[in-house]
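Colleague: Below you'll find the structure I mean.
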Amino acid sequence: MRFQFLSITLCWLNAVGYAETLHVGAGYPYPTLNEALAVIEPGDLVLVHEGTYAGGLYFEDIQGTADNWIFIQAAPGETVIFDGGSNAWQFTDAAYLHISGFIFEHQVGNGLNFDDGGTYESPAHHIIFEASIFRDMQASGNNDLLKLSGLDDFEIRDCLFLNGADEGSGIDMVGCHEGIITSCYFEDMGSNAIQAKGGTRNIRIEANFFKNAGQRSLNLGGSTGLQFFRPLDAEYEAAELKVNSNIFIGSTAPIAFVGCINSQVINNTIYLPDNWVLRILQETVDTSRFFPCGNNAFINNLIYIDNSVNVVCNIGPNTAPETFTFSHNLWYHSQNPGWPGPVLPGTDGNQIVGEDPLFSDGDAEDYSLLPGSPAIGNGLTVDQPEFDYTGFPFNDPRSIGAFEGNMMTLTEGVFMKDLFLVYPNPASKSVTLHFSAQHKKAIIVSLFTPVGAELFSLEIPGDTDVISIPVSMLASGVYLLCLTDDVVGNCKAVMIHH
């Protein structure tokens, strides 16, 4: 079940029975978040009201239970900002928390910091970050918008990460396990958008949008001090990472495999990287302990390059590039029709080279596929990802890249990922909303600015399949498109680009 984005009214709030609702803010029973969390119990909702609050907060052992989570949310219809501090919040040994609707900005350490307190055998766990904005770090070093150390069983969804520190990450994971990062937007990062290292395992990075996301949009692995590995005897920087259905624009190298093993990059669209498409590196070198970077897969990806890329795949020492699998990728050089294709450490089976993928409007960042695209129906059949960037199910045979180009009619038993799809996204002229087959009742469609100002709202009759909304009159930027009925709410970040 989905929450509304940021300060949008959430019908789901009214449907859930909380043990207690603790109101935070000037004139409310708890003037500060610290005071509310000092008396919090499992099953409680903390509702933080309109205002700009000082960062620099620290909390320890704030834990719900599997049956009674703790919810910390911005109040519906109100803008809640935590400004400054070394960290806006630091939570140590937290569990079963659902955090949504906040803006975190201007921190000088990390935006948010969640950790296990150094007790690797008892990690923080079951945390959901949703519908929040992390932006404008006031630091230039290795400072992260969201820092996670020793966190298991977590989700990060529908969040925006903007303007990271020059040498930091949007999301930095050290020794994290069993996580999902989905439907997030990253722009103007420093070193990278997402880093997964220090024994991190089984993370799914799916249906995200990365624009100018640093030196390495994704650092799949990294370099970690031995004392920080979780578990301490991990034999890899990262393992079993799944990078699916994402869009990458720019960055020095969108994908960097760095000391990771048994990971996959499947059905992504990579557009005009600045230097390399991918890198294979080993920065933590100890052959008696660590596996070399290897046994990874690069499949069904659509890569669109120009003369900025001279070497497609950069390979460093102490790696095992011969163990990589490349298959069914589409490679197109926009400035060299005679380009012979990439030099890779192995054969890219059934690759397509030199055929224009026929984006709907690449200049406007719409990478959906026009009819007749060579990417349609030419992907390798795989179990995952099941859904494309928009949430539409991949056909069989599937398309190459982040978009399914064969928009089959949904039949009984075949459902979209969410209540509705939005495409193109980003958009310049209009956006199309394709409603789920499960949608039967009247539904309200609303568009909001990132800080919660409503631009318009309209009611859509039940059983509507598709509508189109003009957006050409809106300024370029990130907006929130939300649907609600009397039971649930569902929102998506929509990028308007002119």
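Colleague: Specify which of the listed residues (ASN110, ASN34) is at pLDDT 95 or above, under 23 Å from the mean Cα position of the chain (by Cα) and among the polar types (S, T, N, Q).
Modeller: ASN110
Colleague: Please work out which residue is surrounded by the fewest Cβ atoms within 10 Å (Cβ to Cβ), limiting yourself to region 325-366 and to residues that are aromatic (Phe, Trp, Tyr) and within 24 Å of PHE403 (Cα to Cα). First the steps, then the outcome.
Modeller: From region 325-366, those aromatic (Phe, Trp, Tyr) are 326, 331-332, 339, 359; that's our starting set.
If we keep only those that are within 24 Å of PHE403 (Cα to Cα) too, we end up with 326, 331-332, 359.
Values: PHE326: 21, TRP331: 24, TYR332: 23, PHE359: 24.
Restricting to residues being aromatic (Phe, Trp, Tyr) and within 24 Å of PHE403 (Cα to Cα), the top hit is PHE326.
Colleague: Evaluate the following for ARG157: is it in contact with an Asp or Glu (Cβ under 7 Å, 6 or more places away or on another chain), free of Cβ contacts under 8 Å to residues at least 60 places away in the same chain and surrounded by 22 or more Cβ atoms within 10 Å (Cβ to Cβ)?
Modeller: Values: in contact with an Asp or Glu (Cβ under 7 Å, 6 or more places away or on another chain): yes; free of Cβ contacts under 8 Å to residues at least 60 places away in the same chain: yes; surrounded by 22 or more Cβ atoms within 10 Å (Cβ to Cβ): no.
Judged against the criteria, ARG157 is not a match.
Colleague: Quick check on this structure: which one of ASP83, ASP44 is within 27 Å of the chain's Cα centre (by Cα) and either among the charged types (D, E, K, R) or open to solvent by 70 Å² or more (accessible area, probe 1.4 Å) (or both)? Reasoning before the result, please.
Modeller: Details: ASP44 fails: within 27 Å of the chain's Cα centre (by Cα).
Just a single option satisfies the conditions, and that option is ASP83.
Colleague: Given the options PRO337, PRO371, PRO317, name the one that is part of a loop (DSSP other than H, G, I, E, B), more than 23 Å from the chain's Cα centre (by Cα), touching a residue at least 24 places away in the same chain (Cβ under 8 Å) and more than 30 Å from ILE496 (Cβ to Cβ).
Modeller: On the way: PRO337 fails: touching a residue at least 24 places away in the same chain (Cβ under 8 Å); PRO371 fails: more than 30 Å from ILE496 (Cβ to Cβ).
Going through PRO337, PRO371, PRO317 in turn, the sole match is PRO317.
Colleague: Another question, if that's okay. If I filter region 116-124 for residues that are in contact with a His (Cβ under 9 Å, 6 or more places away or on another chain) and open to solvent by 10 Å² or more (accessible area, probe 1.4 Å), do I get at least one hit?
Modeller: There is at least one residue in region 116-124 that is in contact with a His (Cβ under 9 Å, 6 or more places away or on another chain) and open to solvent by 10 Å² or more (accessible area, probe 1.4 Å).
Colleague: Condition first: of a type in the set (A, V, I, L, M, F, W, C), touching a His at 6+ places or on another chain (Cβ under 8 Å) and outside any loop (DSSP other than H, G, I, E, B). Can you find one or more residues in region 355-367 that meet it? Please lay out each step first, then the result.
Modeller: Narrowing region 355-367 to residues of a type in the set (A, V, I, L, M, F, W, C): 358-359, 364.
Filter once more, so that each one left must be touching a His at 6+ places or on another chain (Cβ under 8 Å): 364.
Subset that is outside any loop (DSSP other than H, G, I, E, B): 364.
Within region 355-367, one or more residues are of a type in the set (A, V, I, L, M, F, W, C), touching a His at 6+ places or on another chain (Cβ under 8 Å) and outside any loop (DSSP other than H, G, I, E, B).
Colleague: Next question, about the same structure. What's the number of the condition ALA131 fails, among (1) touching an Asp or Glu at 6+ places or on another chain (Cβ under 8 Å); (2) at pLDDT 95 or above?
Modeller: Against the list (1) touching an Asp or Glu at 6+ places or on another chain (Cβ under 8 Å); (2) at pLDDT 95 or above, ALA131 comes up short only on (2).
Colleague: Against the definition (over 30 Å from ARG157 (Cα atoms) and not aromatic (Phe, Trp, Tyr)), how does GLY349 come out, yes or no? Outline the logic, then answer.
Modeller: Details: over 30 Å from ARG157 (Cα atoms): yes; not aromatic (Phe, Trp, Tyr): yes.
Considered against the rule, which asks whether it is over 30 Å from ARG157 (Cα atoms) and not aromatic (Phe, Trp, Tyr), GLY349 comes out as yes.
Colleague: Considering only region 184-225, state which residues are surrounded by fewer than 23 Cβ atoms within 10 Å (Cβ to Cβ) and farther than 20 Å from PRO273 by Cβ.
Modeller: ASN202, ARG204, SER223, THR224, GLY225
Colleague: Determine whether region 251-266 contains at least one residue that is open to solvent by 10 Å² or more (accessible area, probe 1.4 Å) and either among the acidic types (Asp, Glu) or in contact with a helix residue (DSSP H, G or I) (Cβ under 7 Å, 6 or more places away or on another chain) (or both).
Modeller: no
Colleague: Go over the candidates ASN425, ASN406, ASN378 one by one and state the one that is on the phi < 0 side of the Ramachandran plot and modelled with pLDDT of 90 or more.
Modeller: Details: ASN425 fails: modelled with pLDDT of 90 or more; ASN406 fails: modelled with pLDDT of 90 or more.
On inspection, the qualifying residue turns out to be ASN378.
Colleague: Taking region 93-105 only, how many residues are more than 21 Å from the chain's Cα centre (by Cα) and open to solvent by 10 Å² or more (accessible area, probe 1.4 Å)?
Modeller: Step one: list which residues in region 93-105 are more than 21 Å from the chain's Cα centre (by Cα), which gives 93-95.
Adding the requirement that they be open to solvent by 10 Å² or more (accessible area, probe 1.4 Å) leaves 93.
Counting residues in region 93-105 that are more than 21 Å from the chain's Cα centre (by Cα) and open to solvent by 10 Å² or more (accessible area, probe 1.4 Å) gives 1.
Colleague: Within region 67-102, how many residues are more than 21 Å from SER149 (Cα to Cα) and of a type in the set (A, V, I, L, M)?
Modeller: Total meeting the criteria: 4.
Colleague: Considering (1) open to solvent by 10 Å² or more (accessible area, probe 1.4 Å); (2) closer than 23 Å to ASP44 by Cβ; (3) not polar (S, T, N, Q), say which one PHE129 fails and leave the rest.
Modeller: Evaluating PHE129 over (1) open to solvent by 10 Å² or more (accessible area, probe 1.4 Å); (2) closer than 23 Å to ASP44 by Cβ; (3) not polar (S, T, N, Q) leaves (1) as the failure.
Colleague: Need the failing condition index for ASP363 against (1) touching a residue at least 12 places away in the same chain (Cβ under 8 Å); (2) more than 26 Å from LEU220 (Cα to Cα), just the number.
Modeller: (1)
Colleague: Shifting gears a bit: Cβ-Cβ below 6 Å, separation at least six or inter-chain, first residue in region 208-223 and farther than 7 Å from ALA193 by Cβ and of a type in the set (A, V, I, L, M, F, W, C), second outside any strand (DSSP E or B) and open to solvent by less than 10 Å² (accessible area, probe 1.4 Å): which pairs?
Modeller: LEU220/LEU241; LEU220/SER263
Colleague: Considering only residues that are part of a strand (DSSP E or B) and of a type in the set (Ser, Thr, Tyr), which ones fall in region 320-334? Spell out how you get there, then give the answer.
Modeller: Keep residues of region 320-334 that are part of a strand (DSSP E or B), which gives 325-327, 330-333.
Passing the criteria: THR325, SER327, TYR332.
Colleague: Scan region 296-309 and give yes if some residue there is open to solvent by 40 Å² or more (accessible area, probe 1.4 Å), more than 21 Å from ASN246 (Cα to Cα) and in contact with a Gly (Cβ under 6 Å, 6 or more places away or on another chain), otherwise no.
Modeller: Checked against the condition, which is being open to solvent by 40 Å² or more (accessible area, probe 1.4 Å), more than 21 Å from ASN246 (Cα to Cα) and in contact with a Gly (Cβ under 6 Å, 6 or more places away or on another chain), region 296-309 yields no hits at all.
Colleague: Okay, next question. From the list ARG279, ARG289, which residue is touching a residue at least 40 places away in the same chain (Cβ under 8 Å), in a strand (DSSP E or B) and open to solvent by 20 Å² or more (accessible area, probe 1.4 Å)?
Modeller: Working: ARG289 fails: in a strand (DSSP E or B).
Result: ARG279 is the single residue among ARG279, ARG289 that is touching a residue at least 40 places away in the same chain (Cβ under 8 Å), in a strand (DSSP E or B) and open to solvent by 20 Å² or more (accessible area, probe 1.4 Å).
The values are calculated or read from the model by the stated rules, or taken from the named source; none is laboratory data. What you are looking at is a predicted structure, and each value in this text was computed from that prediction instead of being measured. Counting neighbours? That spans all protein chains shown, and the Cβs are built from the backbone with ideal geometry, glycine included. SASA here: full protein model, heavy atoms, side chains in, ligands and nucleic acids out. Shrake-Rupley method; radii C 1.70, N 1.55, O 1.52, S 1.80 Å.
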